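Colleague: Questions regarding the structure given below will be posed in turn.
The values are calculated or read from the model by the stated rules, or taken from the named source; none is laboratory data. Given the structure is predicted, the values throughout are model-derived calculations rather than measurements. Ideal geometry is used to build each Cβ from the backbone, glycine not excepted, and the neighbour counts take in all protein chains shown.
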Protein chains: 2
Amino acid sequence: MSLSFNLLKKDGTARRGILNVRGIAIDTPVFMPVGTLATVKGLTSDQIADTTAKIILANTYHLALRPGPDTVQAMGGLHKFMNWNGAILTDSGGFQVFSLAHDCKITDQGAAFRSHLDGTLLDLSPEKAIAIQEKLGADIAMCLDVCPPFGCDLDQLKKAVDRTILWASRCRGSAKSPTQSVFGIVQGGTNLALREYCAKELIKLDFPGYALGGFSVGETPAQMVAVLGQSASFLPENKPRYLMGVGRPEDLLDGVYNGIDMFDCVMPSRNARNATGFSSFGKLRMRNSEHRRSEKPLEAGCNCYCCVHHTRAYVHHLFMAEEMLGATLLTIHNLNYYCRLMQGARDAIDLGQFESYRADCLARFDAET
Amino acid sequence: MSLSFNLLKKDGTARRGILNVRGIAIDTPVFMPVGTLATVKGLTSDQIADTTAKIILANTYHLALRPGPDTVQAMGGLHKFMNWNGAILTDSGGFQVFSLAHDCKITDQGAAFRSHLDGTLLDLSPEKAIAIQEKLGADIAMCLDVCPPFGCDLDQLKKAVDRTILWASRCRGSAKSPTQSVFGIVQGGTNLALREYCAKELIKLDFPGYALGGFSVGETPAQMVAVLGQSASFLPENKPRYLMGVGRPEDLLDGVYNGIDMFDCVMPSRNARNATGFSSFGKLRMRNSEHRRSEKPLEAGCNCYCCVHHTRAYVHHLFMAEEMLGATLLTIHNLNYYCRLMQGARDAIDLGQFESYRADCLARFDAET
C-alpha cells in the first residue's frame, strides 16, 4: 500500500497528522481543492500549487463521461493528463449519480442512470467504480456508496447503509492497483446508531482511510455538528478521516474540532466564479460598489497572487465587466485562504491552542459578515 | 517626450528598430496583445509577460464605459490598475464608436452615440478622446479618427480623411501629458491619393508615431496588401509605423515586408477562446477529435507554458468540457506564437534574410492548413 498516516498529536479531539501518499507528505488537517474535470476551474496547475494545496479531488462521474477513463488511462493517468504532481483523490461517482444524473435506479447490483449531458444510459457498480478509478489513476479512490437524501425515512436510511456496506466489501475485493488506496465511506445520515453500525462493518474490511459521507446534503450545519464528533469517534484513531463535500470555513473548523483530517468542497472555487470571496474577516461580495475604488487587497496580509498584485477595485472591475480573469484571481485567493485556514488549524493544534484559534476565527468572521 | 524610435536596419522595405517607451526598449517589428478592458482575457499579468510581450493595447471606448476614466485615474492609471509593468497603448475609441456603438452621429465637433451596453447617450470629441486617454495614463495614445466602412463612395472617404486631419490637429493641440505620446492615424481606405494626402497633412503636425487605420475593415487581404507598401512609404522613416487591428500571421508578415513596425489584433486571443490555435505549421482546431488522445504539444518546439506542460489531448478535453482553462492555455500559446513570429522576423531582418523567412513561414502554414 502506497499510503500511510501518522497521527502526530491531539488537541482535545482535534488531530494533527501527516498523510503520506506516493512520497508526498500531506500535513493534516487538510483542505483539498476540487478539480472536477481534471481542472480546478480557471487555474493552471502552477496556480493550484501556488495555493499550497498538495492534494486535490477529481470527480469520477464527470471524468467517466468526459473524456472517459480509457482516454485518461491512455494519456498516462490523471496526474500526467492534467500535469499535477501533487496527490489526487477521486470520488466514486456515487454522489453525482444520485444528485446530477437522471432516471437513477439502484439495485444491490449497482446504479443505472442517464447522463446529465446527453441522456445516454449508463450504469455504475462497485466493481466498475473501482475499475474506472484505477484507470483514472488517482492516489486515493473512494468506494461506491449510497447517499440517501436528508430527511428520508429510517427504512430508506437503513437500506442505504446496508447497501453501502455491501458495496464497500465488493469495492475492497475488486481493487487491484498497487498504487491506489481505497477509502471506505460511512453513511447513516444523522442517525448515530446507523453511523456506528456502518463504521463497524467497514472497519472489518480494514480500509486505509475512512470518509464520512451523507453530510452537507440538506441538513443544517447545526444538525451536522450535533452528530459529527460521535460519527468521527466510531472511526479508527490511526487512519485518516475525510468529511466529504464540507464546506464553509466555519464548517471546516467544526470538522477539525471534531477530529476530521481531510476536507473537500467546491465552495471556494464555485463561489469565486460568482464573485464571492472568503477571508479571515468574512465574505467579500466583489460586485458590491463599495469596492469600486478600493486600493485595498482582498485581504490584508494575504500573500496570494491576487492580493499581492491587485486591488479590490481591479477585481470588482473584472466582475462588473464579466472578464474571466476575475474568476481566476478570486479562485486563487479563496483556495489560498482555505489552505491558510487549515495551516492555522495545524499550527494551533501543534501548540495545543486549537480551541482558541477556532474561537478567534469565528469571531473575526462575525465581525465583518 | 518620453518616446523615441531608433531605426536600426532595413532589409528591403522591412524595418528593424527599437521603440523606447518610459525606459522600456521594445524591439520592432512588434506585436501588441489586446487587453480591451485592462485585461488580456483570461491571463494574469505574469502570464502576459511570459508571452514575451512588452507592450499591450487597451481600448478607450470600453474603458470609458467600464470602469470609467476617472476610476482608472483614481486607481493610479492603467499600469497600476491592471498591474502591468510593460508599455501600454490605448486606441482612441473611434473604431469602437463606429463599429460597436448605436445611433452614431458624426459632426466636425465629434461623435454622438449610444453605449452598446445600456444605450446611454455619450459623445466623444478629439479633445475628449485625448483627455480620457490621459486619465487612463497609457504610454501611447491615439488620435480620434474617422474610420469609414470599406467600399464607401469617394465623397464619404474624402470627408472621413478631412475630418481625421482636423481632429488630429485638435488632438495634438489638446494633449497635455508629459508622459504620454500621441500617434496620428492615417485614413483613406485603399485610395492611395487620399492616403498620401492624409499622411502629408498629419506629418505637418509632427507626431512621434503614425498609424495606418482603416485596414482590416472588410477589404480582402489582397486589397490591403496592394496599397500597404505605398501607404507606409508616405510616412517618415524615423518614426514608428503602426498598422491597426491587423491581423492573421500572414498579414503580419506582409505588414513587416511593407515597412510596418507595430501591430495589434484580437485574433490570437479571441480565436483561442473559440478553440483555434495558431502555430508555425498552421491553425489547430482544438475541438477536432484528432486531438482526443494526442500526446503532442500544441506545437513542437514551442516553450510556452501550455506546450511545456500539456498535451493536445488535455487542451481538447478542456474545450469539449467547456472548461475556462482551455481558453487561458490556448491564449497563452497563441500570443506566444505571435510574439515568436515577430521575434523570427526581427532576427531575419538583422540577418538580411526577411524575404526567405517570410517565404518559409508561408510555406509551412500552407503545408498544414
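Colleague: Taking region A:275-290 on its own, how many of its residues are touching a Lys or Arg at 6+ places or on another chain (Cβ under 8 Å), farther than 16 Å from A:E322 by Cβ and either within 14 Å of chain B (Cβ to nearest Cβ) or hydroxyl-bearing (S, T, Y) (or both)?
Modeller: 1
Colleague: Report the residue count in region A:44-54 for those that are crowded, with 17+ Cβ neighbours inside 10 Å, within 17 Å of A:Y338 (Cβ to Cβ) and among the small types (G, A, S).
Modeller: The qualifying residues number 1.
Colleague: Please enumerate the residues belonging to region B:1-43 that are farther than 14 Å from B:C265 by Cβ, buried (at least 23 other Cβ atoms within 10 Å of the Cβ) and within 13 Å of chain A (Cβ to nearest Cβ).
Modeller: B:A38, B:T39, B:G42, B:L43
Colleague: Give region B:201-256 a look and list any residue that's touching a residue at least 60 places away in the same chain (Cβ under 8 Å) and in contact with a Lys or Arg (Cβ under 6 Å, 6 or more places away or on another chain), or say none.
Modeller: Within region B:201-256, B:G209, B:A232, B:L253 meet the criteria.
Colleague: State yes or no: is B:V315 within 11 Å of another protein chain (Cβ to nearest Cβ), surrounded by fewer than 21 Cβ atoms within 10 Å (Cβ to Cβ), more than 22 Å from B:C265 (Cα to Cα) and among the aliphatic types (A, V, I, L, M)?
Modeller: no
Colleague: Which one of the conditions (1) farther than 23 Å from B:D350 by Cβ; (2) outside any loop (DSSP other than H, G, I, E, B); (3) in contact with a Lys or Arg (Cβ under 9 Å, 6 or more places away or on another chain) does B:K296 fail to meet, given that it meets all the rest?
Modeller: (2)
Colleague: Also, quick follow-up: Considering each residue of region B:22-31, count those that are touching a helix residue (DSSP H, G or I) at 6+ places or on another chain (Cβ under 6 Å) and either in a loop (DSSP other than H, G, I, E, B) or in the same structural domain as B:Y337 (by TED's automatic domain parsing) (or both), and give that number.
Modeller: Final tally of qualifying residues: 1.
Colleague: A follow-up question, please. Just to be sure, is A:A272 within 18 Å of the chain's Cα centre (by Cα), not assigned by TED's automatic domain parsing to the domain that holds A:Q187 and not hydroxyl-bearing (S, T, Y)?
Modeller: yes
Colleague: Find the helices (runs of 4 or more DSSP H) located wholly in region A:299-367 whose residues include 2 or more that are among the aromatic types (F, W, Y) and more than 23 Å from the chain's Cα centre (by Cα), and list them.
Modeller: So the answer is A:312-320.
Colleague: Under the condition of being within 14 Å of chain A (Cβ to nearest Cβ) and among the charged types (D, E, K, R), which residue from region B:318-357 is surrounded by the fewest Cβ atoms within 10 Å (Cβ to Cβ)?
Modeller: B:E322
Colleague: Residues in region B:332-344: is at least one touching a helix residue (DSSP H, G or I) at 6+ places or on another chain (Cβ under 6 Å), among the polar types (S, T, N, Q) and in contact (Cβ under 8 Å) with a residue 24 or more places away in the chain?
Modeller: Among the residues of region B:332-344, at least one is touching a helix residue (DSSP H, G or I) at 6+ places or on another chain (Cβ under 6 Å), among the polar types (S, T, N, Q) and in contact (Cβ under 8 Å) with a residue 24 or more places away in the chain, which makes the answer yes.
Colleague: A further question on this structure: Can you find even one residue in region A:32-43 that is charged (D, E, K, R), under 24 Å from A:G255 (Cβ atoms) and in the same structural domain as A:R114 (by TED's automatic domain parsing)?
Modeller: Checked region A:32-43: at least one residue is charged (D, E, K, R), under 24 Å from A:G255 (Cβ atoms) and in the same structural domain as A:R114 (by TED's automatic domain parsing).
Colleague: Here's another thing I want to ask about it. Looking at A:Q73, A:Q109, which one is farther than 30 Å from A:L341 by Cα, assigned to a loop (DSSP other than H, G, I, E, B) and not acidic (D, E)?
Modeller: A:Q109
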